[in-house]
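S.K.: Can you keep this structure in mind? I'll have questions shortly.
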Amino acid sequence: MTDAEHQTTAAGQPAGPANADAAQLRKFATLASRWWDPESELKPLHQINPLRLDYIEQRAGIEGRTCVDVGCGGGLLSEGLARRHAASVLGIDLSEDTLTVARLHAQEAGLDNVEYRLISAGELAKERPGQFERVTCMEVLEHVPDPGALIADLAALLRPAGDLFVSTLNRTPKAFALGIVGAEYLLRLVPRGTHEYERFIRPSELDEYARDCGLQLVDLIGIVYDPFRQTFRLGPDVDVNYIAHFRAPESRP
């Protein structure tokens, strides 16, 4: 779930080799052994994973597509894409601990259309530019020092007319109240210290990063938590968590 890039880059320019946030990497590495436990601290990820997969499938399709999941962590989304018959899935991350868990779980599941690599989005974009029909980056942007550079790298990975799906948290008082105070301290849905409010990203900011790279926003939807039913759903409220769907132009300059 971690992919950090250069601290400062020009707008719309891919980052170079990873400049990882070591504290963020350590934070998620400590969760590696419990990544696939649906009752662990990662329970919310298990709950929203089907929603994310359904959204991607409905908006752009998965079957037969080449996919890369950036900041894949232990492989929840990557494996989900593979199970929905993607032609190939590459999960990348900067934590060897979480990648080890992802590889073992995929092997035990007998999946042969998913692989994992320890590489940054920037390095992969230089190695395999424009080679993926679907690019996903879920719950990652709020953990990197330069989200604009990461978006540029994601855009560079896309084939012409390819689709990018990004999820993150909005920077609003409501997101602070529910995403940090509520989720981390009151309901204890995620470990304390998981999020830093100043790293949350408004949809308008995300759209600006994407437009700088030539991407078009085609849909935006919220991920809403129901504390009474303890479930998540997709809806129009993007004040806290949201997913954005971007599309690359049909031809590149």
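Bear in mind these aren't lab numbers, they're just calculated from the coordinates by the rules spelled out. None of these values were measured; they are calculated from a predicted model. A quick note on method: Cβ atoms are made from the backbone with ideal geometry, for glycine too, and the neighbour counts reach across all protein chains shown.
S.K.: Just to be sure I understand the model, the point goes 7 Å from the Cα along the line to the Cβ. What's the resulting GLU205 to GLN47 distance in nm?
M.R.: The answer from the label model is 2.6 nm.
S.K.: Which value at 222 nm does the chain reach when only helices count, each DSSP H run of 4 or more adding -39,500 (n - 2.57), with the total divided by all residues and rounded to the nearest 500 deg cm²/dmol?
M.R.: About -9000 deg cm²/dmol.
S.K.: Per residue of region 30-37, in order, report the coupling 6.51 cos²θ - 1.76 cosθ + 1.60 (Karplus, θ = phi - 60°) as ³J(HN,Hα) in whole Hz, putting x for Gly and Pro.
M.R.: So the Karplus estimates, Gly and Pro as x, are 5, 8, 3, 5, 10, 4, 9, 8 Hz.
S.K.: Related question: At R0 = 51 Å, how high is the FRET efficiency between ALA22 and GLU250 if r is their beta carbon distance? Nearest 0.05 is fine.
M.R.: Calculated value: 0.80.
S.K.: Let me ask something else. Could you compute the FRET efficiency for THR100 and VAL218, with r as their C-beta to C-beta distance and R0 at 51 Å, rounded to 0.05?
M.R.: 0.90
S.K.: Taking Rg/Rh (Cα atoms, Kirkwood Rh) straight from the coordinates, which label in [x] 1.04; [y] 0.96; [z] 0.93 is the correct one?
M.R.: Evaluating Rg/Rh (Cα atoms, Kirkwood Rh) on these atoms matches [z].
S.K.: To the nearest 20 debye, what is the magnitude of the charge dipole of the chain about its Cα centre, counting +1 on the Cβ of each Lys and Arg and -1 on the Cβ of each Asp and Glu?
M.R.: 260 debye
S.K.: May I pose another question? Could you tell me what a quarter of the Cα convex hull surface of region 23-93 works out to, in nm² with one decimal place? Mind showing how you got there, number by number?
M.R.: Numbers: hull surface 18.8 nm².
That works out to 4.7 nm², a quarter of the Cα hull's surface.
S.K.: Given contacts defined as C-alpha pairs under 8 Å and at least six residues apart, what's the relative contact order of the chain, whole-number percent?
M.R.: Answer for the chain is 21 percent.
S.K.: Starting from the Cα of ARG192, step 7 Å along the direction of its Cβ; do the same at GLU57; then give the gap between the two resulting points in nm.
M.R.: Each label point is offset 7 Å from its Cα along the Cβ direction, giving 3.9 nm.
S.K.: A further question follows. Excluding GLY235 itself, calculate the net charge of residues whose Cβ lies under 15 Å from the Cβ of GLY235, where each Lys or Arg counts +1 and each Asp or Glu counts -1.
M.R.: With Lys, Arg at +1 and Asp, Glu at -1, the net is -1.
S.K.: Still on this model: Scan the chain and report its longest stretch carrying no trypsin sites (Lys or Arg not before Pro) that are both in a DSSP loop and have at most 11 other Cβ atoms within 10 Å.
M.R.: Longest site-free region, per DSSP loop and neighbour criteria: 1-187.
S.K.: Let me ask another. Of the beta bridges DSSP finds with both residues in the chain, what % are antiparallel, to the nearest 5? Don't jump to the answer; show the numbers that get you there.
M.R.: On the way: 19 of 38 bridges.
Antiparallel: roughly 50 percent of the beta bridges in the chain.
S.K.: Now, a different point. Tally Lys and Arg at +1 and Asp and Glu at -1 over the other residues with C-beta under 11 Å from the C-beta of ARG171: what net charge comes out?
M.R.: -2
S.K.: Moving on to the next point. Within a Cβ distance under 10 Å of VAL224, other residues only, what is the Lys/Arg minus Asp/Glu net charge?
M.R.: -2
S.K.: Would you mind computing, in nm to one decimal, how far apart the modelled labels at LYS126 and ASP237 are, each placed 7 Å from Cα along Cα→Cβ?
M.R.: 4.4 nm
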